[in-house]
Amino acid sequence: MAAALVALVNGTQELPNHVSEQVYVHESPLLRDEANYIFRAVLPDGSAEQLWGKKVGESTVEVCCIPFFIYNVALRDIVQLNEERRLAFVLESSGRFVGRVWFGDSRHAVEGTVKRLEQLGANLEWSSANLLAVDSSAALQDAVVEFLSAGHNAGAFLYENGYQADISNP
């Protein structure tokens, strides 16, 4: 899965100017009822992830969805937008956990995985039938990560943490 997911470039570096035709959208953002603004995070390959948010300032937005592709951005983070209404950097971290689960052709694990994540108190958002974004509070993070790591190690699915220390992000 890591090869399929791409990193957000550092907010202090220049963002790509060209946005390709590929835009990853959130069909059912977790906090849709709170959202009143849509913006994009441009990915290094020129594609973009369309994110839902709640305006909290002239160029600041609270993230209202669980990111599928960008790293080091989470639900309820306060982010700064640039002049093109694109994500520039994180102003204030919510401290929430973000993970991604790729089921691929292994559909037998989906129902049990979703059920257990919900029992643990995680929030879920689907990108496709195969890609699931996972959110939890910091208090629940250890239990969620333990479950996801065990499933990954058992070969039930691929799991990736949405925070990557080796990726320079906002």
Sorted on mean Cβ neighbours within 10 Å (highest first), peptides 60-67, 157-164 come out as 60-67, 157-164
Using just the C-alpha positions of segment 29-170 as equal point scatterers, what log10 of I(q)/I(0) does the Debye formula give at each q in 0.20 1/Å? -1.21
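Pulled fully out, how much extra length does the chain show between Val56 and Val23, if you take 0.36 nm times their separation in residues and subtract their Cα-Cα distance?
Length gained between Val56 and Val23: 9.4 nm.
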What order do you get for 127-139, 70-82, 104-116 when each peptide is scored by the mean count of other beta carbon atoms within 10 Å, highest first? 70-82, 127-139, 104-116
Work out, step by step, the length gained on full extension between Ser128 and Asn161: first 0.36 nm times the residue separation, then minus their alpha carbon distance; give nm to one decimal. 10.1 nm
In nm, to one decimal, how far is the modelled label at Asp33 from the one at Glu146, with both set 7 Å along Cα→Cβ? 3.2 nm
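Computed from the coordinates by the stated procedures, all read-outs in this text should not be read as laboratory data. This one's a predicted model, so the numbers in the text were calculated from it and none came from an experiment. Because the Cβ atoms are built from the backbone with ideal geometry, glycine has one as well, and the counts that use them run over all protein chains shown.
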